[in-house]
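In what follows, a structure is listed as structure tokens, so that the remarks can point back to it.
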Amino acid sequence: ADTDNMLGVTLHDTYGIRRVVGEGGMGRVYEAHHTRIAAKRFAIKVLRAEMAYSPEVRTRFQREADAAASIQHPNVIAVNDFGYPPVGRPYIVYDYLDGIPLSELIFRKKHVEVGIAVYIARQVCKGLQAAHDKGVIHRDLKPENIYLQGPTERPDVKVLDFGLSRFMEPTSSQKVTRTGVVMGTPSYMAPEQACGERVDHRADVYGVGT
């Protein structure tokens, strides 16, 4: 059985981890409550134990926090904190979102009405524009990374998971992926990304379309 040693842990004397809420490619996501303000909840992504000793993965994880934190926009999930617990696995503290991913809405409805689809896509585009204005390319847009809160007809839309993002003008410390390395989700990749070529903001535009 998978023994989760993060459950019940308090990070930075502030974030009490309560339960697992999701799994990602690089980490597990938990619901946590503020130790001094009980009503405040957070989503905390903790790097997987088997990846914690990879310098490249740790750098990419840090970059995810830096990329998301650099974008201040209502359609992009907010980052509150970043740190290292005693076990040595870095974590990112996000706003806690109470809703469903777009993938679940599609699964439930089978066919999303045009008006709702356009409304969601416009909010995604606004969030991406804010990211691109900060020089951040997401590179992994898909229904699982779009989160919806509130009424289905007019949901509050958030772009999540900047784990594969990169900066348009990377410095030597930010450049993690190399040309020729294919990363992303094949069904939603722009052709140049699938070929391992360097991509720019247009790869995200393609992702919105798919």
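The values are calculated or read from the model by the stated rules, or taken from the named source; none is laboratory data. A quick note: this is a predicted structure, and the numbers were derived from the prediction, not measured. As a convention, Cβ positions derive from the backbone with ideal geometry for all residues, glycine included, and neighbour counts pool all protein chains shown. In case anyone asks, the SASA skips ligands and DNA or RNA and just uses the protein heavy atoms, side chains included. Shrake-Rupley method; radii C 1.70, N 1.55, O 1.52, S 1.80 Å.
Could you name every one of the strands (runs of 3 or more DSSP E) located completely within segment 1-87 that has at least 3 residues being over 20 Å from Lys158 (Cα atoms)? Outline the logic, then answer.
Numbers: elements: 15-23, 27-34, 41-47, 79-83.
By residue number, 15-23.
If you go through segment 124-145 one residue at a time, do you hit one that is of a type in the set (Gly, Ala, Ser), part of a helix (DSSP H, G or I) and surrounded by fewer than 16 Cβ atoms within 10 Å (Cβ to Cβ)?
Taking segment 124-145 and keeping what is of a type in the set (Gly, Ala, Ser), we get 127, 130-131, 135.
Those left that are additionally part of a helix (DSSP H, G or I): 127, 130-131.
After this cut, where a residue has to be surrounded by fewer than 16 Cβ atoms within 10 Å (Cβ to Cβ) as well, the list is none.
Within segment 124-145, not a single residue is of a type in the set (Gly, Ala, Ser), part of a helix (DSSP H, G or I) and surrounded by fewer than 16 Cβ atoms within 10 Å (Cβ to Cβ).
Among the residues in segment 148-166, are any open to solvent by 30 Å² or more (accessible area, probe 1.4 Å), free of Cβ contacts under 8 Å to residues at least 12 places away in the same chain, farther than 23 Å from Lys45 by Cα and part of a loop (DSSP other than H, G, I, E, B)?
yes
Take segment 19-55 and flag every residue that is modelled with pLDDT of 90 or more, exposed (fewer than 14 other Cβ atoms within 10 Å of the Cβ) and under 20 Å from the mean Cα position of the chain (by Cα).
Matches in segment 19-55: Arg19 only.
Can we say Asp13 is open to solvent by 90 Å² or more (accessible area, probe 1.4 Å) and at pLDDT 90 or above? Write out each step before concluding.
Details: open to solvent by 90 Å² or more (accessible area, probe 1.4 Å): yes; at pLDDT 90 or above: yes.
When the stated conditions are applied, Asp13 passes them.
In this structure, is Arg63 on the phi < 0 side of the Ramachandran plot, of a type in the set (D, E, K, R), surrounded by 19 or more Cβ atoms within 10 Å (Cβ to Cβ) and in contact with a Lys or Arg (Cβ under 8 Å, 6 or more places away or on another chain)? Before you say what the answer is, go through the steps one by one.
On the way: on the phi < 0 side of the Ramachandran plot: yes; of a type in the set (D, E, K, R): yes; surrounded by 19 or more Cβ atoms within 10 Å (Cβ to Cβ): yes; in contact with a Lys or Arg (Cβ under 8 Å, 6 or more places away or on another chain): yes.
Judged against the criteria, Arg63 is a match.
Of the numbered conditions (1) under 21 Å from the mean Cα position of the chain (by Cα); (2) open to solvent by less than 60 Å² (accessible area, probe 1.4 Å); (3) charged (D, E, K, R), Asp4 fails exactly one; give the number of that condition.
With (1) under 21 Å from the mean Cα position of the chain (by Cα); (2) open to solvent by less than 60 Å² (accessible area, probe 1.4 Å); (3) charged (D, E, K, R) applied to Asp4, the lone miss is (1).
Just the residues that are hydrophobic (A, V, I, L, M, F, W, C) and in contact with a helix residue (DSSP H, G or I) (Cβ under 7 Å, 6 or more places away or on another chain), please, taken from segment 59-116.
Residues satisfying the conditions are Ile71, Val76, Ile77, Val79, Phe82, Ile92, Leu102, Ile106, Val112.
May I ask you to list the residues in segment 96-123 that are open to solvent by 60 Å² or more (accessible area, probe 1.4 Å) and not in a loop (DSSP other than H, G, I, E, B)? Step through it out loud before you land on a result.
At the first step, the residues of segment 96-123 found to be open to solvent by 60 Å² or more (accessible area, probe 1.4 Å) are 98, 104, 106-111, 113-114, 118-119, 122.
Result: Glu104, Ile106, Phe107, Arg108, Lys109, Val114, Val118, Tyr119, Arg122.
Within the bounds of segment 185-197, is there any residue that is at pLDDT 70 or above, loosely packed, with under 13 Cβ neighbours inside 10 Å and in a loop (DSSP other than H, G, I, E, B)?
Looking through segment 185-197, at least one residue is at pLDDT 70 or above, loosely packed, with under 13 Cβ neighbours inside 10 Å and in a loop (DSSP other than H, G, I, E, B).
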